[in-house]
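S.K.: Take a look at this one; I'll ask things after.
Every number here is computed from the coordinates shown, using simple stated rules; none is lab data. Everything quoted here is computed from the prediction, not taken from an experiment. Note that we place each Cβ from the backbone using ideal geometry, even for glycine, and neighbour counts take in every protein chain shown.
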């Protein structure tokens, strides 16, 4: 009989912290946010990150630097 230890791969999204609070909030099309929150479907942020919406950003929340840069280029 063999006693092997198998490690489980880390499947947590890279942009979250240990307490399930996102490290950054991303820019996403407004109409997709509600749909994702209700149905659990995935959204695509400006930076390319794909995730389901589970939290809403509050004023002063940290924003993904890539999303912010892309958004500012789109506005000009």
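S.K.: FRET efficiency for residue 33 and residue 68, Cβ-Cβ distance as r, R0 = 22 Å, nearest 0.05?
M.R.: 0.85
S.K.: Among 3, 34, what is the fewest-to-most ranking by other Cβ atoms within 10 Å?
M.R.: 3, 34
S.K.: If we sort 44-53, 57-66 on the protection proxy, mean other Cβ atoms within 10 Å, highest first, what's the order?
M.R.: 44-53, 57-66
S.K.: Starting from one equal scatterer on each C-alpha and no solvent at all, send me the Debye-based log10 I(q)/I(0) for the stretch 30-75 at q = 0.16, 0.20 Å⁻¹, two decimals.
M.R.: Each listed q corresponds, in turn, to -0.48, -0.74.
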